[in-house]
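Structure record follows, encoded as structure tokens.
The values are calculated or read from the model by the stated rules, or taken from the named source; none is laboratory data. This one's a predicted model, so the numbers in the text were calculated from it and none came from an experiment. Because the Cβ atoms are built from the backbone with ideal geometry, glycine has one as well, and the counts that use them run over all protein chains shown.
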Amino acid sequence: MESKLRIALLIKEKAELFLNILEKLRNEKAINDVSYGVLKTAYLDNLQNAQIKIEQIKQELNKGLAMRARQLGTPKQELANLDALFKEGQIAANKYQRLSKAPQKKASALEDEIAHLDSLTNCKHSSEVAPAGPSNLLSLLASKLRPEKRPADISPGRQGRTPSTQPEQTRSNSEQVKLPDASSVSNLLVLPDRAYPGSSIGVIATIVNPGQEPLHHKAEFKINGRVVAVNEILLKPGQSEEVTFMTVAGAPGDYNVAVDNAAGILRILPPA
């Protein structure tokens with residue numbers, strides 16, 4: 001649940017950020033009306049979906065919170081009963097201590113869960129939610145990287161060098177993307193995942209160093225298996241960092257885009 005909430009909050013924050021950037025670009029006349037319309041529709045769609053998802057997750061968290069609050073009543077009452085028996089002199093101190101250990105442990109565990117769930121329901125920013133492991137994030141994001149389920153917005157993180165100007169037409173899907181080292185990608189976002197020729201496309205990836213030693217990593221941005229940009233980063237043990245790559249939509253068609261071991265689909269639509 002934490003992973004889902006963090007992803008939804010990230011999508012919301014990035015959609016809001018890019019909506020602001022988009023308005024500035026339009027005011028500066030840096031983009032045309034067609035690109036503005038396509039990107040704004042994508043960002044608003046991401047924002048609305050994220051807000052709905054956040055509300056659904058918090059409703060589930062509140063249900064769990066209410067359930068644990070009810071469960072807490074049982075060990076609390078057991079402790080109250082033991083306390084009353086002890087004060088009345090019906091049980092000795094050593095027996096009271098022995099009998100109270102189990103309900104105290106259960107009550108403490110439930111109180112910790114309640115505090116944690118309460119903090120999650122009050123989260124307003126992704127930084128307030130502890131990041132999940134890479135494997136969990138990848139499994140949760142897999143469905144979001146399909147064209148029919150618009151993936152999340154991108155972040156203006158560290159931008160890669162030498163981005164390509166046009167994607168190549170789709171090659172064989174049998175081409176494999178391999179990690180150059182022990183790092184992994186915990187998140188890959190494509191925005192927008194459907195665009196018209198000439199539109200700017202952004203791809204953001206979160207690179208993680210799961211090892212115990214510093215890691216000098218070269219993040220590779222690929223389109224249809226071909227490396228079109230590389231970003232070199234230095235990661236401390238356990239550190240993660242976002243990298244952003246930009247490209248421009250070319251001929252209509254479907255394109256496989258990837259950063260290291262994480263992949264998604266970019267669909268270029270025929271001109272309107």
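Looking at 59, 51, which is the one that is without any contact (Cβ under 8 Å) to a residue 40 or more places away in the chain, under 15 Å from the mean Cα position of the chain (by Cα) and closer than 22 Å to residue 126 by Cβ? First the steps, then the outcome.
Details: 59 fails: under 15 Å from the mean Cα position of the chain (by Cα).
Unique residue meeting the criteria: 51.
Among the residues of segment 126-137, are any loosely packed, with under 13 Cβ neighbours inside 10 Å, farther than 29 Å from residue 218 by Cβ, among the aliphatic types (A, V, I, L, M) and modelled with pLDDT of 60 or more? No, there is no match, as no residue in segment 126-137 is loosely packed, with under 13 Cβ neighbours inside 10 Å, farther than 29 Å from residue 218 by Cβ, among the aliphatic types (A, V, I, L, M) and modelled with pLDDT of 60 or more. Looking across segment 76-99, the residues that are closer than 18 Å to residue 111 by Cβ and among the charged types (D, E, K, R) come down to 76, 78, 83. Scanning segment 196-222 for residues that are within 25 Å of residue 22 (Cα to Cα) and within 23 Å of the chain's Cα centre (by Cα) turns up 200, 201, 202, 203, 204, 205, 206, 221.
Here segment 195-216 is the region considered, the condition is being crowded, with 22+ Cβ neighbours inside 10 Å, part of a strand (DSSP E or B) and not hydrophobic (A, V, I, L, M, F, W, C), and the residue that is modelled with the lowest pLDDT is 202.
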